[in-house]
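Chemist: Here's a structure for you.
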Amino acid sequence: MVFIEGKSASPGISSGRAFIYKQQDLSFETEKINDVQVESKRLHDAFNLASGELLEIKNSLSGDLGEEYGHIFRAQMTMVEDEEFLNEIIEIIEEEKLCAEGSLKTIFDGYSEAFSSLGEDDYNRQRLADLADVYSRILRILLGLPDTNLSGVPAGSIVIAEDLMPSDTALMNRENVKGLITEKGGVTSHVAILSKSLGIPAAVGTAKAVSQTTAGDEVLLDSRNFEKASIWIKPGQAEKLSFTKELKSHEEKTALISEMKGKEAITLDGKKIELSANIGSLEDLENALSFGAKSVGLLRTEFFFLGTKTQPDEEKQFVFYKKAAERLNPGMLVIRTLDIGGDKEVGCFELPKEDNPFLGLRGIRVSIKYHEVFKTQLRAIVRASAFGNIKVMFPMIADVSELIYAKKLISEIYDELKTEGKDFNPDMEIGTMVETPAAVFIADLLTEVGDFISIGTNDLTQYVLCADRINENVSEYYRMFSPALIRAIKSASDAALKNGKWTGVCGELGGVAIAIPLLIGIGIGELSMTGGMLPEAVSIIRNLNYSDCKKAADKVLLMKTEEEIKAFLQANFA
Ligand code: PEP
Ligand code: MG
């Protein structure tokens, strides 16, 4: 028996036979050429063929995984249909007299470097994966190799690979795949997106999974724990026995959970909790709605700005916000204004290079510096507020003057729109993201000015504990259940509630099963999370007593260590 651990990319538990998937060998020698025209034509034809293949994949996805996953291939098709892009490669063929393969590599290397330097956020990682996928496709065609993918996986397979590209998985026989295990990839990779949307358990970052497995080996995969996934290869009798028990109880639980889709999140003793989804696009919104979401507690607007060379104008943004608001109406849509800087960079902004970007020009600070960009975004949001239940909130607030500045700008926009005869909701709620220690200390002042707070635990954790959220070297110090963080949440929430304002949590913690009773007990009234987590959250809440949650929170607030807190919550609520 071999035991391996990895990161959980899609929660679940399953068993099957190992199907080892190896990527094709696409190595080649870069050669000098004589006939530029022949080489350019080869490249041209390869782009055309690639475009045809992608169209086929995209079409075969519609009505199945549909828009939600299809947009990955739309992004890839845009790349292969981009004339300018093709011409850049042809220029290398012409000027450097390199073969099509070598010229393609030169340009792709340049682009991947540019994307990598944009930072490590989810969006950039996904675009980088798209780029690599497109590169492999065109190169494979140039090398005259056949297309390989996972369409022929036998029933009951657990796919094990070094890495999986979107095109490997797009045509995968989903009925036959019981789990996905990759050595590479993070919890926000394509594999994670795909497996979550299909409900297939998945583990990523599983060192040496391929070399430790032989095709056909029995594999047990347990990725239910949000922190880690466990994998047994060729398990013994004892492991199999305890796994079968776990599997059965999980299946019973899953059946119950799926019945919870869209039900009210209300505790046994009648406390109603607002459950909402975190989204970054209209595709995300559709996905969240399919899991029963009724409202959105965090629309990360920066994704709309990523991947475009020019900033989206007021009209474009207005249409986007309006569509989302109308789709959710009467459910609320909390729009967060542009949150760039730190780990999030966008191509259409020239932000200065900083030694400590997380302590630099980020969130609201960027909006204040680039007044016109901020105003354009706010005008679009205020105009869209006429079409649904829109609320707006601001990231990285550390001083009440920043909120006052934003509020004043909104009231100027109200006046402008009145003069222009445009519709808007004059009572749109204005809130603050609490994600800096400063915002925790002044939550009372912030809720005198604003209408609500939404606690961004992803950043609050890093700023309270001084542990960079993307630095692997300090990941053990990034403690989501640290007493300091729990007390910070409690303090901000109490201050807001005292001012009669509502409180939400939109960081990852809000969607962690054992955190839900704690946050409710602290007094949080709204939890916003990944759409796929919503049915389970409903199920958890409907089995809780608010009075028990309050007692548990009181106890937790006196505990000394994260271990103690996690163990207590695990014992009482898991
Ligand atoms: C957060 O910081 O918790 C949050 C929700 O914002 P983001 O993850 O987009 O920084
Ligand atoms: Mg944040």
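The values are calculated or read from the model by the stated rules, or taken from the named source; none is laboratory data. Note that this is a predicted model, so its numbers are computed, not measured. Using ideal geometry, Cβ is built from the backbone for each residue, glycine included, and neighbour counts are taken over all protein chains shown. Ligands, DNA and RNA are stripped out before the accessible areas are found, and what is left, the full protein with its side chains, is counted by its heavy atoms. Shrake-Rupley method; radii C 1.70, N 1.55, O 1.52, S 1.80 Å.
Chemist: Mind ordering 315-322, 390-397 by average Cβ neighbours within 10 Å, highest first?
Modeler: Peptide ranking by packing, descending: 390-397, 315-322.
Chemist: List, in order, the whole-Hz ³J(HN,Hα) value for each residue of segment 203-220 obtained from phi through the Karplus relation with A = 6.51, B = -1.76, C = 1.60 and θ = phi - 60°; use x for Gly and Pro.
Modeler: Here the 3J(HN,Hα) series is 10, 10, x, 9, 3, 6, 4, 5, 6, 8, 10, 10, 3, x, 4, 6, 10, 10 Hz.
Chemist: Pairwise over distinct Cα atoms, reciprocal of the mean inverse distance: report the Kirkwood radius of the chain in Å, one decimal place.
Modeler: 25.4
Chemist: Using Cα pairs closer than 8 Å and at least 6 residues apart in sequence, work out the relative contact order for the chain, in percent.
Modeler: 14
Chemist: Let me ask you something else. Roughly speaking, what is the centre-to-centre gap between segment 36-52 and segment 330-399 when only Cα atoms are used, to the nearest Å?
Modeler: 42
Chemist: Would you grab the residues whose amide H sits under 5 Å from the one on residue 346? Only those 5+ places off in sequence or on another chain, please, with H modelled 1.01 Å from N.
Modeler: Excluding prolines and chain starts, which carry no amide H, the hits are 341.
Chemist: Just want the answer: with Cβ charges of +1 for Lys and Arg and -1 for Asp and Glu, which residue in 292, 47, 424 is farthest toward the dipole's positive end in the chain?
Modeler: 292
Chemist: Let me ask you something else. List the residues whose amide H sits under 5 Å from the amide H of residue 296, counting only those 5 or more places along or on another chain, with H placed 1.01 Å from N in the peptide plane.
Modeler: So residue 296 has HN proximity to 277, 332, 333, 334.
Chemist: Right, another one. Given 10 °C and 1.306 mPa s, compute D for segment 274-573 with the Stokes-Einstein relation, Rh being the Kirkwood radius over Cα pairs; round to the nearest whole µm²/s.
Modeler: Stokes-Einstein gives a translational diffusion coefficient of 81 µm²/s.
Chemist: If I ignore ligands, DNA and RNA and count only protein heavy atoms, how much of residue 113 is accessible to a 1.4 Å probe, in Å² to the nearest 10?
Modeler: Estimated to the nearest 10 Å², residue 113 gives 130 Å².
Chemist: Counting only heavy atoms of protein chains, what accessible area per residue, in Å², does the chain have with a probe of 1.4 Å?
Modeler: Per-residue value: 44 Å².
Chemist: At 0.36 nm per residue, minus the direct Cα-Cα distance, what do residue 257 and residue 84 gain on full extension? Give it in nm, one decimal, please.
Modeler: Net length gain for the segment: 57.4 nm.
Chemist: Between residue 95 and residue 448, what is the spin-label point distance in nm, taking each point 7 Å from the Cα along the Cα→C-beta axis?
Modeler: 6.1
Chemist: Moving to a separate point now. When N is the residue count of segment 451-540, what does its C-alpha Rg come to as a fraction of 2.2 N^0.38 Å?
Modeler: The reported ratio for this selection is 1.08.
Chemist: Quick one: pull the percent of accessible area on segment 274-573 belonging to carbon and sulfur, 1.4 Å probe, ligands and nucleic acids left out.
Modeler: Carbon and sulfur: 51 percent of the exposed surface of segment 274-573.
Chemist: Through the Karplus equation 6.51 cos²θ - 1.76 cosθ + 1.60, θ set to phi - 60°, convert the phi angles of segment 385-402 into ³J(HN,Hα) values in whole Hz; use x for Gly and Pro.
Modeler: The phi angles translate into 5, 6, 10, x, 9, 8, 10, 10, 9, 10, x, 6, 5, 10, 8, 5, 4, 5 Hz.
Chemist: In whole Hz, with x marking every Gly and Pro, tabulate ³J(HN,Hα) for segment 546-555 from phi via Karplus 6.51 cos²θ - 1.76 cosθ + 1.60, θ = phi - 60°.
Modeler: Running phi through 6.51 cos²θ - 1.76 cosθ + 1.60 with θ = phi - 60° gives 4, 4, 5, 4, 5, 4, 5, 4, 4, 5 Hz.
Chemist: Could you order 407, 323 by accessible surface area, starting with the largest, using a probe radius of 1.4 Å?
Modeler: Ranked list, largest accessible area first: 323, 407.
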